[in-house]
Amino acid sequence: MDFDYNDEQKMLKQGAREFFEKECPKSLVKQMMEDEKGNPPELWKKMAQLGWLGLIYPEKYGGGDGNIIDLIALEEEMGRACLPGPFFSTVLLGGLFILHNGSEEQKKEILPKIASGQLILTLALTEPSDSYEASAISVGAKAEKDDYIIDGTKLFVPDAQIADYIICIARTKKGTKPEDGITAFLVDRKSPGITVTLLKTLAGDKLCEVIFNKVKVSKKNIIGKPDQAWGPLQETLQQVKIAQCAEMVGGAQRALELAADHAKKRIQFDRPIGSFPVIHHLIANAMMDVDACKFLTYEAAWKYSEGLPCAKEIAMAKAWTGEAYQRTAAMGHQVLGGIGYTMDGDMHLYFRRAKSGELTLGDGKFHREVLAKELGM
Amino acid sequence: MNMIVCIKQVLDPEAPLSSFKIDPATNTMVPVTAVPFVISPFDEQAVEAALRIKDAKGGKITIISLGVNLLRDVVKKPLSLGADELILLEDPAFIGGDSWSTAYALAAAIKKVGQFDLIFCGRQAADSDSGQVGACIAEILGLPQVTVAKKVEAVDGKVKVDKVTTDGYEVVEVPTPALITISNELGEVRFATFKGTMASKKKEPIIWKPADIGVDPAKIGAAGRRTKTRKLFQPVRDSKCEIIKGENDEDAAANLAKKLVEVKLI
Amino acid sequence: MDFREYVIGEIDTEEQKKFRKELGEWLDKNISPELIESTWILRTTANIPHANDFAKKLGEKGWLVPEWPKEYGGAGLPAGYSTIVAEEISKRVLWAPGFLGGLIGGVQGPIIMQHGTPEQKKEWLPKIAAGAQFALGYTEPNAGTDLASLQIRAAKDGNDYILNGQKMFSTGAHNARYHWLAARTNPEMPKHKGVSMIIADLTAPGVTVTKLTTIAGDRTNEVFYDNVRVPQTNRIGPEGEGWNITRSALAAERGDLGTFPWPKILVDELIQYAKETKRNGKPLSEDPQIRQTLAQLSMDVNVLRLYGRRLNWMIEKNMDISWSAPFSKIFESELSQRIANQGMNIMGLYGELEQGSKYAKLKGHIESAYLTMVVRSFGGGSNLRLRSDIATRGMGLPREPQLAMPVKK
């Protein structure tokens, strides 16, 4: 067994850390929380030039032929840096869905543009019903000759306000099961009938309401097989969840370090507060927590990279990581006290992102239920 | 252009002082907590200087590093940036030396590499800060040297170097082969692309032992030291702070000016 | 990164394959069903009936310590063979490392091997290899987590030491012949120094062993030393060096740190129980809260496994484990208590029934665990103290300063 990255992945990770320390200071992160677009163009361009946007895509689509373990090495550093921007929505949610389900033409059209930083993409899944179940998909798409008419409201769609394309998960047929009859459409953001409204969120991530008011989409823009998008979507989300967990692991690790650093420096009662056993305990518990979510994520990623079944591992990683990240950042606030409670501090960045990460794509309860089913209960 | 760059693996100089303590028995710095290893920052700039010439004129870059426990994910970094080859002088006999015995070993390795136009070194190592290895190598190999460079350009078979001085810089022309030491004024070093990083996997480091480069064992490493470290210590810094007061900012500034004249600083 | 599980026997040489087969056949003949069942009650090995008989039989074959030289009672086999013995035993009993560690009685073997004089090695190692029972004598009424303040006195008298004092929670002392004592030989030196390791004979005059019964129904003991004479040649290692040699030996003897099989076994039993048991017409496994609880426990079991695997990886790479080894100990002890507590709630009133009672389910494993697991968060090191070790050694937090004022006695 080997619990660490290989030499090249370590170089990638360390290089990413140095890059983000220079190019993505916390001042920029805080600025982007208020910014409507939330994606600093210079930063996005530089990441494209380094090959990071296309890292996970095959070379023939302009990518770097990287594997998922290369990707999570980068993701950990993005989480540590609290990187703003549409990496999650464009490269993972939208891009990976097209990579795994798109036609050759769609892949050749979209993926190289993502890799070169020229195209922003997102995927509209959830609706006002706030559920990740198939039964929650009510936005409809009615066939009309060679087109479909999409009508309905999607909610909590990341980065729709800057997206060039939105992949809309819509219901085209009523099947015997709620999973049947769902289709994925690649919709041009500029199509008539689309209204995007930016929501105000805890973590400053750009979630949007997207209203589809009788939006016409050619049937050529269906990604994958009509009426059969749900299964493939869930497959894609498995890979996305692993990457998302790695991002949270990086954030949790940094939150822990900030708390420990503060405890070593802060003097109260004539000694560093880090010398009180109660602080030892808080830090030790967080160390164990962070390592747990790290290893669960690593094992899920390794199994995925080996093509082994990993539904259990992904469920465990997602359930644990979201909750551990939240626990760690909350502990960080407790240790930092007042100095961490103003907007000048950095701990709140992790605290906010921990919560949004926990809730996105299913929280601990959701994934414990997935695990219970996998255990045959 | 065939270029050689010497790099040194050091404990991260950015680590807080509290991470280290001095071992009086061996007169060395010892890490107290886990401190990561990095390439000495001036050496990273030496690599950057070579890469800039390779970008402009093409050529080959050979990296040489002397030490023990050289972490591959640290010393292979120049390969991910575009260097072509990595040679490691990895043997306990090589270490524990001073600038001279270290330079002697590096010079022998460079001789074995064979043909080269330029050697780049960082101006000084971030741990020992002696700043002499480059100069010693040039001396041993009988090469012209330009130290503390902030810009290096290959021009018609010669090299044009902007050399940092206390109040500016001077432009020096030197024929090749030559040795240049690089200072931080060179500017930002590049980041590795993903492809570059992954490609470095194929470039296995070459490891040379003392026998491979034909050195006299008595002249390398600790055995070959010509200097002796008598004492290594952290100077105690005592600072007194006097706050200059005034009725308002302008008044305080005037009082400060008066004070500075009083102590003959201005 | 590689998470491929090691398959037992996959790296065996031809020689090792033969040994494993021979050993396996012998174990099948010599490990009785009673022995297997008694390890299930999670008693300390010293209290398992027939365990010492088994140890003696294993010792006769030289397999108790197979890698020791033959002259000391081992089998003179190369490295890797003690792992094979542990693996084959673990296929048959619940917890081989603890069982084996209990059979050998602790760390005195490696300590004597490393620090004993040639005479001491000749005297003691063959006894240990043959299964002679030792009990550990560290803890005292006033020396628990603060073990350095132990008081039992070993005073020089001619060629002997005279022992006076008391040891506490010395499990197995009622069955053992020998006591592995940490005693104060040099009271003029600071607390941590001045302690020596001495082998005492528990059958000597002046030794009194008094029974203590734990809440789990297990036996432990107080051991009183009243002017007990012990030859100075029974002291292992230099005077005053007791802590150092103990620490160095513990460092050498890794064993199978960090792997504990019963959490997974108990959670699997609970999951099966929930599937098969109905309440109000529905299987317990359909209750949403029980599903969440069992899923979380299942995740916890997996995290425990990963902590253990990571620890083994760090040992293989010669990394410093002083900060990460306690992860496994802390997590397992608290997880085991959680399993027992939450398991009882899942089982409802049936959870209260002891093994052997009418209507008892799961052979009373959960009820037994509820009591036996209590000790695991302070036995072998208090979790409260270990968390400080993790934070100070692993993250560089400063240690708690020593109090200037001593506590009035």
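The values are calculated or read from the model by the stated rules, or taken from the named source; none is laboratory data. Keep in mind it's a predicted model, so treat the numbers as computed, not measured. Virtual Cβ from ideal backbone geometry, glycine too; neighbours counted across all protein chains shown. In case anyone asks, the SASA skips ligands and DNA or RNA and just uses the protein heavy atoms, side chains included. Shrake-Rupley method; radii C 1.70, N 1.55, O 1.52, S 1.80 Å.
Residues of the range B:164-197 whose accessible area, computed with a 1.4 Å probe over protein heavy atoms, drops by at least 10 Å² once all protein chains are present relative to their chain alone are B:Glu188, B:Phe191, B:Ala192, B:Thr193, B:Phe194, B:Lys195, B:Thr197.
When DSSP beta bridges are limited to those with both residues in the protein assembly as shown, what percentage is antiparallel, rounded to the nearest 5? Given both bridge residues lie in the protein assembly as shown, the antiparallel proportion sits at roughly 70 percent. Site-free segments of chain C were taken between chymotrypsin sites (Phe, Trp or Tyr not before Pro) in DSSP loops having at most 16 other Cβ atoms within 10 Å, sites themselves excluded; the longest one is C:7-358.
Take each residue in A:107-115, count the other chain C-beta atoms within 10 Å of its C-beta, and the mean is 0.
Using a Förster distance of 30 Å, how high is the FRET efficiency between C:Thr203 and C:Gln151, based on the Cβ-Cβ distance and rounded to 0.05? Numbers along the way, then the final one.
Details: r = 24 Å, r/R0 = 0.78.
So, using R0 = 30 Å, E works out to roughly 0.80.
The modelled label-to-label distance between B:Leu265 and B:Ala211, using points 7 Å beyond Cα along the C-beta direction, is 6.2 nm. Shielding value for A:369-375 is 6, the average number of Cβ atoms from other chains within 10 Å of each residue's Cβ. Interface residues of the range A:283-304, defined as those losing at least 50 Å² of solvent-accessible heavy-atom surface relative to the isolated chain (probe radius 1.4 Å), are listed as A:Met287, A:Met288, A:Phe295, A:Glu299, A:Trp302. Near the amide H of A:Ala124, within less than 5 Å, lie the amide hydrogens of A:Ile167, A:Cys168, A:Ile169, all on another chain or at least 5 residues away, with H placed in the peptide plane.
Shielding by partners for peptide A:11-22, expressed as the average number of C-beta atoms from other protein chains within 10 Å of each residue's C-beta, is 4.
Residue-wise HN-Hα couplings along the range B:23-28, as the Karplus relation 6.51 cos²θ - 1.76 cosθ + 1.60 with θ = phi - 60° gives them from phi, are 8, x, 5, 10, 6, 10 Hz; Gly and Pro carry x.
Keeping every protein chain in place, order A:Leu96, B:Leu260 by accessible area at 1.4 Å, biggest value first, i.e. largest first. Before the final figure, lay out each step's value.
Numbers: A:Leu96 0, B:Leu260 55 Å².
Greatest to least solvent exposure: B:Leu260, A:Leu96.
By DSSP, the beta bridges lying fully in the range A:122-227 are antiparallel in about 90 percent of cases.
Spacing of the modelled spin labels on A:Phe269 and B:Glu153, each 7 Å from Cα toward Cβ, amounts to 6.5 nm.
Which percent of the accessible area of the range A:122-227 is formed by carbon and sulfur heavy atoms (probe 1.4 angstrom)? Provide the component values of the computation, followed by the final result.
Working: 2660 of 5140 Å².
Roughly 52 percent, rounded to a whole number.
In the assembled protein chains, A:Ser103 presents an accessible area of approximately 50 Å² (probe radius 1.4 Å). Is the shape of the range A:7-118 rounded, prolate or oblate, going by the alpha carbon gyration tensor and its root eigenvalues a ≥ b ≥ c, with a/c under 1.5 for rounded and a/b larger than b/c for prolate? Here the range A:7-118 falls in the oblate category.
Rolling a 1.4 Å probe across all protein chains gives C:Glu60 an accessible area of roughly 150 Å².
If R0 is taken as 41 Å, the Cβ-Cβ distance between C:Lys211 and B:Val32 corresponds to a FRET efficiency of 0.30. Contact with the other protein chains removes 50 Å² or more of accessible area, compared with the isolated chain and a 1.4 Å probe, from these residues of the range A:32-67: A:Leu50.
If R0 is 25 Å, the Cβ-Cβ spacing of C:Lys21 and C:Trp313 corresponds to a FRET efficiency of close to 0.30.
State in Å² the accessible area per residue of chain A; use a 1.4 Å probe, count heavy atoms of protein chains only, and round to the nearest integer.
Each residue of chain A exposes 40 Å² on average to a 1.4 Å probe.
Accessible area per residue for the range B:35-74 is 36 Å², calculated with a 1.4 Å probe on protein heavy atoms, without ligands, DNA or RNA.
Carbon-plus-sulfur accessible fraction, the range A:231-374 (probe radius 1.4 Å, protein heavy atoms only): 55%.
Just flag the GluC sites (Glu not before Pro) in the range A:1-83 sitting in loop per DSSP whose Cβ has no more than 13 other Cβ atoms within 10 Å. Present the calculation step by step, with values, prior to reporting the outcome.
Working: sites: A:Glu8, A:Glu18, A:Glu21, A:Glu23, A:Glu34, A:Glu36, A:Glu42, A:Glu59, A:Glu75, A:Glu76, A:Glu77; in loops: A:Glu36.
Within the range A:1-83, the qualifying GluC sites (Glu not before Pro) (loop, at most 13 other Cβ atoms within 10 Å) are A:Glu36.
Take the Cα of B:Ala257, go 7 Å toward its beta carbon, and the backbone nitrogen atoms of the range B:236-250 under 12 Å from that spot belong to B:250.
Sequence-distant contacts, meaning Cα pairs under 8 Å at least 6 residues apart, place the relative contact order of the range A:7-118 at 35 percent.
Distance between the modelled labels on A:Thr153 and B:Ile243, one decimal in nanometres: 5.7 nm (7 Å Cα→Cβ projection).
Carbon-plus-sulfur fraction of the accessible area of chain B, 1.4 Å probe, in percent? The partial results should precede the final answer.
Numbers: 7690 of 14480 Å².
After summing per-atom areas, the C and S share lands at 53 percent.
Chains A and C together bury some 4400 Å² of accessible area, summed over both sides, with a 1.4 Å probe.
Counting other Cβ atoms within 10 Å of each Cβ, which GluC sites (Glu not before Pro) in the range C:100-203 have at most 16 and sit in a DSSP loop?
On the way: sites: C:Glu119, C:Glu123, C:Glu188; in loops: C:Glu188.
Within the range C:100-203, the qualifying GluC sites (Glu not before Pro) (loop, at most 16 other Cβ atoms within 10 Å) are C:Glu188.
For B:Glu85, the residues whose amide H sits under 5 Å from its own are B:Ile61, B:Ile63, ignoring neighbours fewer than 5 places away on the same chain, with H placed 1.01 Å from N.
For the range A:181-233, trypsin sites (Lys or Arg not before Pro) meeting the loop criterion (DSSP other than H, G, I, E, B) and having at most 11 other Cβ atoms within 10 Å: A:Lys190, A:Lys200. For chain A, the antiparallel share of DSSP beta bridges with both residues in that region comes to about 85%.
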